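Beneath this line is the structure, given in C-alpha cells, with notes to follow.
The values are calculated or read from the model by the stated rules, or taken from the named source; none is laboratory data. Quantities reported herein were computed from a predicted structural model and do not represent experimental measurements. Here the Cβ positions follow ideal geometry from the backbone for every residue, glycine too, while neighbour counts run over all protein chains shown.
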Amino acid sequence: MYSDVFCRVYNEFGWNYYPEAFGEQLLKWLAAHSLQPKSALDLACGTGVLCRILQAAGIRSRGMDLSEGMIAIARAESPEIPYDVADMVTYRPEMHFELVTCTGDALNHIEDLSDVGRIFENVHACLAPGGLFVFDLLHEQEISTAEPFELEFDDTITARFQITCPAQDRVHLQTQVFENGVHRFTEDIFERVHDRFAVLALLEQAGFGLVSCAHRLCDDGGEVATWYIIARKPAR
Ligand SMILES: C[S@@+](CC[C@H](N)C(=O)[O-])C[C@H]1O[C@@H](n2cnc3c(N)ncnc32)[C@H](O)[C@@H]1O
C-alpha cells in the first residue's frame, strides 16, 4: 500500500487540495471557538500538507504515516517538522499534544473496527486533558462506482484511476501508470466504509466526549461526501 511510485503520483496529481481545504476549515473552526492549540499530531499525515498548514499557523506540529514514500516527501518538503514512520494502530508517542488530526479517509484505510478503537485509545493517551481529536470518515451515502479517468503526468506518463465498490461498505481505488502507452505499474487501495454510529460508540468507549459530527467543519465549506468528527478528551 502506498508504494514509492504511487506516492509520487499522489503528490504530483494534486490530491493536496483535500488537506489544504481541511486545514483552512480547521483553523477557521478553532478561531471561531477562540482556541489556539500549541501542539498538534497529524496521524496518517501523508505528504505532510496539514502539518505544514498547522505549523505555519503557529501550532508546533508532528506527523506520522505508515508509508515510507509519503514520509520521504513530507520530510523533503518540511525538514523542520518531525515525522515518524509507524502504524497508527500501535503508535503511541510519549509526548502530549493539544490537537490530534486524522484526515483524507485515513481511518477508512483501517479494515477492522476494533483497530479503529485501538487508534482512539492511542489518541486519548497522547492528548493533553481538554485536547481535541478531529478526523474525517467517508460518508456512506456518497460511495459509488465512478467512471475511470486519466491524467497526464507529462508527454510520456499517464495515470488511469478507477473507483469501484466491490461491496456496499468497500471502496477500491485502482491506479494504473502507463509510460508511452505501456503499462508499468498498478496500485490497489482498499477502503472500508465504517458505520459512523459504531465509530462514535468507540470514541465514547475510549473516553472522548463528542463535540460534533457533521457534513462540514464550518458552515461555509468542506466536502459533503465526508463526515467531520470533533471529539474532546475531558479536561480532568
Ligand atoms: C488518502 S491518504 C491521506 C493523507 C493525508 N492525511 C492527507 O489528507 O493528505 C491516506 C494515508 O493513510 C496512510 N495510512 C494508511 N493506513 C495507515 C496506518 N495503519 N497507519 C498510518 N498511516 C496509514 C497512508 O499511507 C496514506 O498516507
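Among the residues of the range 41-81, those that are more than 7 Å from the ligand (Cβ to nearest atom), in contact with a Cys (Cβ under 7 Å, 6 or more places away or on another chain) and over 19 Å from LEU132 (Cα atoms) comprise GLY69, ILE73, ALA74, SER78, ILE81.
When ASP136, ASP112, ASP105 are screened for being in contact with a Phe, Trp or Tyr (Cβ under 6 Å, 6 or more places away or on another chain) and within 12 Å of the ligand (Cβ to nearest atom), only ASP136 passes. Here the range 1-35 is the region considered, the condition is being in a helix (DSSP H, G or I) and of a type in the set (S, T, N, Q), and the residue that is farthest from ILE157 (Cα to Cα) is GLN25.
Filter the range 62-101 down to residues that are free of Cβ contacts under 8 Å to residues at least 40 places away in the same chain, in a loop (DSSP other than H, G, I, E, B) and of a type outside the set (A, V, I, L, M), then give me how many there are. Residues meeting the conditions: 8.
Scoring SER212 on the criteria (1) surrounded by fewer than 16 Cβ atoms within 10 Å (Cβ to Cβ); (2) farther than 30 Å from LYS28 by Cα; (3) under 20 Å from the mean Cα position of the chain (by Cα) leaves a single failure, condition (2). One residue stands out in the range 175-221 among those that are modelled with pLDDT under 90 and of a type in the set (Lys, Arg): the one that is farthest from ARG236 (Cα to Cα), namely ARG184.
Can you find a residue in the range 189-198 that is out of contact with any strand residue (DSSP E or B) (no Cβ under 8 Å at 6 or more places or on another chain), surrounded by 15 or more Cβ atoms within 10 Å (Cβ to Cβ) and not hydroxyl-bearing (Ser, Thr, Tyr)? Taking every residue of the range 189-198 in turn, none turns out to be out of contact with any strand residue (DSSP E or B) (no Cβ under 8 Å at 6 or more places or on another chain), surrounded by 15 or more Cβ atoms within 10 Å (Cβ to Cβ) and not hydroxyl-bearing (Ser, Thr, Tyr).
Can you tell me which residue in the range 152-161 is farthest from LEU107 (Cα to Cα), limited to those that are of a type outside the set (A, V, I, L, M, F, W, C) and surrounded by 15 or more Cβ atoms within 10 Å (Cβ to Cβ)? Result: THR158. Among residues of the range 36-56 that are in contact (Cβ under 8 Å) with a residue 40 or more places away in the chain and outside any helix (DSSP H, G or I), those with a beta-carbon under 6 Å from a residue that is among the small types (Gly, Ala, Ser) and within 6 Å of the ligand (Cβ to nearest atom) at least six positions away or on a different chain give the pairs ALA44/ALA106.
Can you give me the number of residues within the range 9-40 that are at pLDDT below 90, out of contact with any strand residue (DSSP E or B) (no Cβ under 8 Å at 6 or more places or on another chain) and within 13 Å of the ligand (Cβ to nearest atom)? Don't jump to the end; show me each part of the working.
Residues of the range 9-40 at pLDDT below 90: 9-18.
Still in the list and also out of contact with any strand residue (DSSP E or B) (no Cβ under 8 Å at 6 or more places or on another chain): 10-12, 14-18.
Of the ones still in play, those that are also within 13 Å of the ligand (Cβ to nearest atom) are 10-11, 14-18.
Total satisfying the criteria: 7.
If you check ALA86, ALA106, ALA76 for being crowded, with 17+ Cβ neighbours inside 10 Å and either of a type outside the set (Lys, Arg) or within 16 Å of ARG60 (Cα to Cα) (or both), only one passes: ALA106.
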